[in-house]
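Trainee: Here it is: the structure, laid out below.
The values are calculated or read from the model by the stated rules, or taken from the named source; none is laboratory data. Note that the structure is predicted; figures quoted are calculated from it, not measured. Cβ atoms come from the backbone with ideal geometry, glycine included; neighbour counts cover every protein chain shown. The area values use the complete protein model at the heavy-atom level, side chains included, leaving out ligands, DNA and RNA. Shrake-Rupley method; radii C 1.70, N 1.55, O 1.52, S 1.80 Å.
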Amino acid sequence: MNKTKILIVEDELLIATNLSRKLERIGYFVVDIVSSGVAAIERAAETKPDLILMDIVIKGDIDGIETAAQIHKKLDIPVIYTTAYADDNTLERAEKTGSYGYVIKPFKERELHATIKMALSKHKEGKKIKSSLQEAKDSSEDKSRYFSIASHDLRTPLSIIQISAYMLENYDSLWDKQIKNKHFDRIKIAVKNMIQMLEDMLTLSKAESGKLKLKPSPCEAIGFCRSLIDELTVICSPKHQLIFESKETSIIANLDINLLRYMLTNLITNAIKYSPKGGTINLVVNSQQEQVIFRVEDRGIGIPPAYQAKLFQQFERGSNVGNIQGTGLGLFIVKEVVDLHGGKISVESQVGVGTTFTIYLPLRNEKLNSKD
């Protein structure tokens, strides 16, 4: 077990030497002894001690209290003050620097040891609280950002539904079937976009709270994917063509069917969405070396190279998406689903040419009998 490292800041050499011996006798490791504030800041940065014993009256232009304040701000190392006296004004100044305690000269080993242990424990708990608060803050900011984006994006389809419904209600007798169908199609697309956004919100919430659980069962991947393509073809625009391919007739894999549906639907609808000029979307499924491999290919706008490195992060979207709607959450959740299955995902893309996502999932999942 590594010994706790302590830096001593004391301008009286005899006192410092005596203190160092006591610390080593108790079981601590003294990294150095310095006599001024400037030297203390420099050595603290170099040696990174676990704790500093700081005399209040030291050499140089800054005293121990000012030195401790700078160390606390720059390095977050706990400081215990050592002093021969403790008047109220001095203690009040010291308190403002976030002091971790005091020991009065001459030093008693038991008191010294107890004060150090309390200071280290206080600092450790403080770091935990700070970390928890930062995580809560980050989570809150992410959620606020997401709900801000989601509320903005939900307004667009709601407006489309509202306008088209109004037009159909007031101009029904004046329009032919073709114009009416155009507005019905706009409503259906708007509803589909809203459902996808709400699905993303629900899945993200489960993922962040740890409630997104893997529930695998035997799945015949070929038949599943054929059915999925048939379902998506019904809601696909006429300018897009969905094609299923496989060299095999049957692949049995232990997969979470609901999460698999979400993952593939997200990738395929993304491929449609980011191929605004239309074209072919391919879903290719094969197996190799105890893995089932899903590949979704499009001939759309492609992904800029600078964006590909952060492709699976929350809220990130490519610089070339223009007015194409999206929250930047779909691929983040897809990656979560892949990770839950113990698989891998890769992407190949070229701007203006198209994108291919390839997912590798194990055929046999050890969590098959999970009760989660």
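Trainee: Within the set of pairs 6+ apart or on separate chains, which have a first residue in region 54-80 that is farther than 18 Å from T115 by Cβ, a second that is of a type in the set (D, E, K, R) and open to solvent by 10 Å² or more (accessible area, probe 1.4 Å), and C-beta atoms under 7 Å apart?
Mentor: That search, which allows pairs on different chains as well, returns V57/D63; I58/D11; K59/D11.
Trainee: Take residues that are touching a residue at least 12 places away in the same chain (Cβ under 8 Å), among the hydrophobic types (A, V, I, L, M, F, W, C) and within 22 Å of G302 (Cα to Cα) and tell me which of the strands (runs of 3 or more DSSP E) falling wholly in region 210-284 contain 1 or more.
Mentor: 240-245
Trainee: Okay, moving on. Looking at (1) among the polar types (S, T, N, Q); (2) crowded, with 18+ Cβ neighbours inside 10 Å; (3) at pLDDT 75 or above, can you tell me which one T203 breaks?
Mentor: The number of the failed condition is (3).
Trainee: Please find, among T358, T269, T265, the residue that is among the β-branched types (V, I, T), within 30 Å of S217 (Cβ to Cβ), at pLDDT below 90 and surrounded by fewer than 18 Cβ atoms within 10 Å (Cβ to Cβ).
Mentor: On the way: T358 fails: at pLDDT below 90; T269 fails: surrounded by fewer than 18 Cβ atoms within 10 Å (Cβ to Cβ).
Exactly one of T358, T269, T265 is among the β-branched types (V, I, T), within 30 Å of S217 (Cβ to Cβ), at pLDDT below 90 and surrounded by fewer than 18 Cβ atoms within 10 Å (Cβ to Cβ), namely T265.
Yes or no, residue by residue, for (1) at pLDDT 90 or above; (2) in contact with a Pro (Cβ under 8 Å, 6 or more places away or on another chain); (3) under 23 Å from E109 (Cα atoms):
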position: V34; (1), (2), (3): yes, no, yes
position: A39; (1), (2), (3): yes, no, no
position: D55; (1), (2), (3): yes, no, yes
position: I62; (1), (2), (3): yes, no, no
position: I65; (1), (2), (3): no, no, no
position: A69; (1), (2), (3): no, no, no
position: A84; (1), (2), (3): no, no, yes
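Trainee: Could you tell me how many of the residues in region 276-295 are surrounded by fewer than 21 Cβ atoms within 10 Å (Cβ to Cβ) and under 30 Å from the mean Cα position of the chain (by Cα)?
Mentor: Number satisfying all stated conditions: 3.
Trainee: Counting only residues that are touching a residue at least 40 places away in the same chain (Cβ under 8 Å) and open to solvent by less than 40 Å² (accessible area, probe 1.4 Å), which one in region 302-314 is nearest to P238 (Cα to Cα)?
Mentor: G302
Trainee: What are the residues in region 1-49 that are touching a residue at least 60 places away in the same chain (Cβ under 8 Å), part of a helix (DSSP H, G or I), open to solvent by 30 Å² or more (accessible area, probe 1.4 Å) and not charged (D, E, K, R), if any?
Mentor: I15, N18, I26
Trainee: If you go through region 241-253 one residue at a time, do you hit one that is within 22 Å of K335 (Cα to Cα) and open to solvent by less than 40 Å² (accessible area, probe 1.4 Å)?
Mentor: yes
Trainee: Something else: Any chance you could count how many residues in region 315-345 are open to solvent by 50 Å² or more (accessible area, probe 1.4 Å), at pLDDT 90 or above and small (G, A, S)?
Mentor: Adding up the residues that qualify gives 1.
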